[in-house]
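My questions will all concern the structure given below.
The values are calculated or read from the model by the stated rules, or taken from the named source; none is laboratory data. Since the structure is predicted, the reported quantities are computational estimates derived from the model, not experimental observations. Heads up, the Cβs are rebuilt from the backbone with ideal geometry, glycines too, and the neighbour counts pull from every protein chain shown. With ligands, DNA and RNA removed, areas are computed over all heavy atoms of the protein, side chains included. Shrake-Rupley method; radii C 1.70, N 1.55, O 1.52, S 1.80 Å.
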Amino acid sequence: QVQLVESGGGLVQAGGSLRLSCAASGSISSINVVDWYRQAPGKQRELVAAIFSGGSTKYADSVKGRFTISRDNAKDTVYLQMNSLKPEDTAVYYCHADTYRFSYWGQGTQVTVSS
């Protein structure tokens, strides 16, 4: 079992920054990848960024150069640093983790970017 708790969402003006945190607990060693998804009203959930157990990362084209995913192994936490935020980044952001057998989701955190 893996538990994921997100934090760090909020309201920010366009051009501003936020850092989301995803604190993991439980069977941490079984995690292969941790990623951030987002879902805007009326839209499908989409992958934003991922970090793999070996440290490699990948990003959606829409956030490349603006968002950075990283992790602190000592704190069992994955971060999503979001810079140069745009109104179209407004969504509920979810942390997600995959193990070999199961998939886990956090409860989500709201990010609202005002124009």
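Sort 44-53, 98-107 by the packing proxy (mean of other Cβ within 10 Å over each peptide's residues), most packed first.
Values: 44-53: 16.0, 98-107: 13.2.
So the peptides 44-53, 98-107, ranked by packing, come out 44-53, 98-107.
A further question on this structure: Figure the gain on full extension for SER30 and ASN73 (residue separation times 0.36 nm, minus the Cα-Cα span) and round it to one decimal in nm. Mind showing how you got there, number by number?
Working: separation 43, 0.36 × 43 = 15.48 nm, distance 1.35 nm.
This chain segment gains 14.1 nm when fully extended.
Same structure, new question: What nm distance separates the two modelled labels at GLN39 and ARG66, each placed 7 Å from Cα along Cα→Cβ?
Using points 7 Å along Cα→Cβ, the separation is 2.2 nm.
Next question. Which net charge results for the neighbourhood of GLY10, defined as the other residues with beta-carbon distances under 15 angstrom from its beta-carbon, given Lys and Arg at +1 and Asp and Glu at -1?
Local net charge: 0.
Also, I was wondering about something else. Determine the sum of side-chain charges near MET82: Lys and Arg each +1, Asp and Glu each -1, restricted to other residues whose C-beta is under 11 angstrom from that of MET82. Display every interim value, and only then the final one.
On the way: positive: ARG19, ARG38, ARG66, LYS86; negative: ASP89.
Charge balance in the 11 Å sphere: +3.
Keeping all protein chains in position, work out how much accessible area ASP61 exposes to a 1.4 Å probe, and write it in Å² to the nearest 10.
We get 130 Å² for ASP61.
Per the 1.4 Å probe, what fraction of the accessible area of the chain, in percent, lies on carbon and sulfur atoms? Don't jump to the answer; show the numbers that get you there.
Working: 2960 of 6160 Å².
Ligands and nucleic acids excluded, carbon and sulfur reach 48 percent.
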